[in-house]
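Structure first, then comments.
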Amino acid sequence: MGLFNKLTGPVFLKESYNAEVQLKKLKALEEKLDEKGKDIVRRDIKYLEYGIAGEKNIAFELKNSHLPMYV
């Protein structure tokens, strides 16, 4: 019964980020747009970068919390 074993720390069920793929696509798209479109895409890129940084910070804190949980 592996499911009911004692947890010693957090277990991450999914560690991949789709946001990084989306960021690459937005950066490639930025070159093809006019100025108004570039402004919108730059804003989206900035928000996406903030989101990626936040997710990495939270993952770091959870990994080092040593609390038994599934994430």
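Consider the range 15-36 and keep the residues that are modelled with pLDDT under 80 and of a type outside the set (S, T, N, Q). The one that is nearest to the chain's Cα centre (by Cα) is Y17.
Taken over the range 1-26, the criterion of being over 30 Å from P68 (Cβ atoms) and exposed (fewer than 13 other Cβ atoms within 10 Å of the Cβ) is satisfied by V21, K24, K25. Within the range 27-38, being surrounded by 12 or more Cβ atoms within 10 Å (Cβ to Cβ) and of a type in the set (D, E) holds for one residue alone: E30. Of the residues screened, I45 is not one that is free of Cβ contacts under 8 Å to residues at least 12 places away in the same chain, out of contact with any Cys (no Cβ under 8 Å at 6 or more places or on another chain) and assigned to a helix (DSSP H, G or I).
For the range 56-69, the tally of residues that are within 17 Å of the chain's Cα centre (by Cα) and loosely packed, with under 11 Cβ neighbours inside 10 Å stands at 3.
Within the range 37-54, being closer than 23 Å to V71 by Cα and either at pLDDT below 90 or of a type in the set (S, T, Y) (or both) holds for one residue alone: Y50.
The values are calculated or read from the model by the stated rules, or taken from the named source; none is laboratory data. Remember, it's a predicted structure, so these values are computed and weren't measured experimentally. For neighbour counting, all protein chains shown are included, and Cβ atoms are generated from backbone atoms with ideal geometry for every residue, glycine included.
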